[in-house]
Amino acid sequence: MTWPGEFTFCPRCGSRLGRRHIDGRDRAVCPDCGYIHFRNPAVGAAAVVVDTGRILLVRRSPRVSRSGLWSIPAGFVEYGEDVREAAARELREETGLEATIGEVLQVASNFHDPEKLTVGVWFQATVTGGHLAAGDDADAVGYFSEIPPLAFETDRALLERLIAR
């Protein structure tokens, strides 16, 4: 199966990629240099802040997908970046808050964007400083006692589990 956004040409030598069945899957393979493209999901990190029974959420800005909907502050882990550092960075960029990143609350596969499948890691976060202000991919930020319209089902699943506790 060819996924949206998959390579057409070899990133090593530039030849057009062919297809071969390898390790139980149909994969893009270079007929000239032998490069095999193992398409892996990206990793995302999220910081879950709960304060007196309310959850911190950001509203997605018009310049990103699912704009106008709310989500837990999160984003992609950069190459060479620790996943916990990524969660703290994303929280800072989207909310202006500094935090200590704690235990893992959830790990889940995200299939909401077929062109960029991801695996997300949601961490408990404790605010240690900063000033609450929307930034980066968010155009609003706030604490909620009731769940507003969410951008991602994986956020909803986590919040429903937290509420049930």
Return yes or no: is V43 over 22 Å from E115 (Cα atoms) and either of a type in the set (A, V, I, L, M, F, W, C) or in a loop (DSSP other than H, G, I, E, B) (or both)?
no
Residue that is nearest to the chain's Cα centre (by Cα) [pool: residues in the stretch 35-73 that are loosely packed, with under 14 Cβ neighbours inside 10 Å and among the polar types (S, T, N, Q)]
S65
Condition first: among the small types (G, A, S) and surrounded by fewer than 14 Cβ atoms within 10 Å (Cβ to Cβ). Now tell me which residues in the stretch 119-149 satisfy that.
G129, G130, A133, A140, S145
Does A108 meet the test of being under 12 Å from the mean Cα position of the chain (by Cα), modelled with pLDDT under 95 and under 15 Å from F152 (Cα atoms)?
yes
In the set T118, T128, the lone residue that is over 30 Å from R12 (Cα atoms) and among the polar types (S, T, N, Q) is T128
With modelled with pLDDT of 95 or more, of a type in the set (G, A, S) and over 13 Å from A47 (Cβ atoms) as the only criterion, which of G96, G129, G135 stands out?
G129
In this structure, is F76 under 18 Å from the mean Cα position of the chain (by Cα), within 28 Å of E6 (Cβ to Cβ), surrounded by 18 or more Cβ atoms within 10 Å (Cβ to Cβ) and in contact (Cβ under 8 Å) with a residue 24 or more places away in the chain?
no
Which one is farthest from P114 (Cα to Cα), of the residues in the stretch 15-30 that are touching a Ser or Thr at 6+ places or on another chain (Cβ under 9 Å) and surrounded by fewer than 13 Cβ atoms within 10 Å (Cβ to Cβ)?
R16
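The values are calculated or read from the model by the stated rules, or taken from the named source; none is laboratory data. None of the values given here were measured: they were computed from a predicted structure. When we count neighbours, we look across all protein chains shown, and the Cβ atoms used for this are built from the backbone with ideal geometry, even at glycine.
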